[in-house]
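Structure, as structure tokens:
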Amino acid sequence: MKVLIAVTHLLGTGHLSRAITLARAFIEAGHRVQVASGGFPALQLTTDGVELLQLPPLRSDGVDFTRLLAENNTLADEAYLLQRQTAICTALRNLQPDVLITELYPFGRRSLRREFQALLETAKTLPRRPVILSSIRDILSPPSKPEKAAKADAVIAKYFDAVLVHSDPAATRLNASWPVSKMLAAKLRYTGYVAPATAGPHPDQAGAGEVLVSAGGGSVGTPLYRCALEAARLMPGTPWRLLVGGSDADVRIAEFSTARSPALLEPARHDFRQMLSHAAASVSMCGYNTALDILQVGTPAVLVPFDAGNETEQGLRAASLAPLKGIEVLETANLSPESLCAAVKAAMQAPPRLAGGFRFDGAARTVEIAAELAGGRE
């Protein structure tokens, strides 16, 4: 079976990370998969063994997802967007996939709807139409207007065979963040959470006894990093380590170093998940992948959900995790060095939380669902 996954991450790197995890599951099952990535390269993500097609990259202008910036940091013009559209449609024709997966669209990435529309229309012209699936995380950004949900429904009804919801329905169902119509409900397939296999302990016990601070690969984590630099001064008996992601990590680390904090600063590491096994606590935002890392390992955690630009997704996810032992939620409006230290201490002093408890086999289940549907394709 051949699979094409179309994904564009515009701010953080969680969307691409999840797409790569899905790709690896297809590869392990003996299928050929190509990931067409439309965001900027994420150097901290391991893509070894994954067939990655890099489209002309885009990123959002901060949290303004209506302004898309090209690789020269200027507003992407029509020619640039057409170049992307041509590249991904050509990839579709060349691969002739049995399964086409669009990550987030049409529930998001509306600024790229012409690109996705061209991709979906091209899929209809292939000698054999692929099974078309939408891949979405556990919680979405709720539609700001009812017509946005109606438009997404119309696209789903016209083009899509199913919608893969990467959540454990026992924990979170899609209607917690998105209006689910009767038509959409019939298309939903809950897969369980999409997470890599548990990393296990670090061979060198890196991170042992430390407070690990991570905030993805975008610049939105800067306020959290700056607060953590000051918080580290208030807990001199506990080492803090800040892992800074993004292609400009070295530049940002140099800027943070001027604070002369006792915290250790270094670029994001491939062994971060192993380090969590030994950490005293984790401090992070509440993106999908980070939340799963914490749940899998059972690390005490402080979640500071990203809420700029009217974003609600991470706040909803954090609220669903707040009742668990050893998890503290701190809103950005209340973020200060003092409040961060208090939250870290509370998480560390809580009774141990058992790791697991949820379904984390979403990648393998996605492969099974895709294979089942492809067996009956047109």
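The values are calculated or read from the model by the stated rules, or taken from the named source; none is laboratory data. All values derive from a computational prediction rather than experimental measurement. All Cβ positions, glycine included, derive from the backbone under ideal geometry; neighbour counts span all protein chains shown.
Selection of the stretch 174-212 for residues being in contact with a strand residue (DSSP E or B) (Cβ under 8 Å, 6 or more places away or on another chain) and under 24 Å from F358 (Cα atoms) yields L174, V180, K187, L188, R189, Y190, T191, G192, Y193, V194, L212. Beta carbons closer than 7 Å, at least 6 apart along the sequence or on distinct chains, pair a first residue in the stretch 219-245 that is among the β-branched types (V, I, T) with a second that is crowded, with 17+ Cβ neighbours inside 10 Å for V220/L11; V220/F306; T238/V211; T238/A280; V244/Y225; V244/R252; V244/L265; V244/A268. Restricting attention to the stretch 257-274, the residues being surrounded by fewer than 19 Cβ atoms within 10 Å (Cβ to Cβ) and either assigned to a strand (DSSP E or B) or among the aromatic types (F, W, Y) (or both) number 3.
Selection over the stretch 191-243 of residues that are at pLDDT below 90, buried (at least 22 other Cβ atoms within 10 Å of the Cβ) and out of contact with any helix residue (DSSP H, G or I) (no Cβ under 8 Å at 6 or more places or on another chain) gives a count of 3. Screening the candidates P300, P337 for the property of being buried (at least 23 other Cβ atoms within 10 Å of the Cβ) and either over 22 Å from S219 (Cα atoms) or in contact (Cβ under 8 Å) with a residue 40 or more places away in the chain (or both) yields one hit, P300. The set of residues from the stretch 275-308 being among the aliphatic types (A, V, I, L, M) and part of a loop (DSSP other than H, G, I, E, B) comprises L276, A279, A280, M285, V304.
From R59, R67, R84, grab the single residue that is free of Cβ contacts under 8 Å to residues at least 40 places away in the same chain and not in a loop (DSSP other than H, G, I, E, B). Being free of Cβ contacts under 8 Å to residues at least 40 places away in the same chain and not in a loop (DSSP other than H, G, I, E, B) holds for just one of R59, R67, R84, which is R67. When G237 is tested against (1) in contact with a Gly (Cβ under 9 Å, 6 or more places away or on another chain); (2) in the same structural domain as T258 (by TED's automatic domain parsing), exactly one condition is not met: (1).
Of the residues A70, A42, the single one that is at pLDDT below 95, farther than 19 Å from T366 by Cα and surrounded by 20 or more Cβ atoms within 10 Å (Cβ to Cβ) is A42. Here is the figure for the stretch 81-97: residues that are of a type outside the set (S, T, N, Q) and more than 25 Å from the chain's Cα centre (by Cα) total 3. When the test is whether a residue is in the same structural domain as D64 (by TED's automatic domain parsing), within 16 Å of L373 (Cβ to Cβ) and either buried (at least 17 other Cβ atoms within 10 Å of the Cβ) or touching a residue at least 40 places away in the same chain (Cβ under 8 Å) (or both), R129 passes it. Within the stretch 215-229, no residue satisfies the criterion of being touching an Asp or Glu at 6+ places or on another chain (Cβ under 9 Å) and either assigned to a strand (DSSP E or B) or within 16 Å of S339 (Cβ to Cβ) (or both). Restricting attention to the stretch 7-27, the residues that are out of contact with any Asp or Glu (no Cβ under 6 Å at 6 or more places or on another chain), part of a helix (DSSP H, G or I) and farther than 11 Å from A42 by Cα total 9. I'd like to check something: does the stretch 111-122 contain any residue that is surrounded by fewer than 21 Cβ atoms within 10 Å (Cβ to Cβ) and under 17 Å from G39 (Cβ atoms)? Looking for residues that are surrounded by fewer than 21 Cβ atoms within 10 Å (Cβ to Cβ) and under 17 Å from G39 (Cβ atoms), one finds at least one in the stretch 111-122, hence yes. One residue stands out among those in the stretch 50-67 that are over 18 Å from I101 (Cβ atoms) and out of contact with any Asp or Glu (no Cβ under 8 Å at 6 or more places or on another chain): the one that is surrounded by the fewest Cβ atoms within 10 Å (Cβ to Cβ), which is T66.
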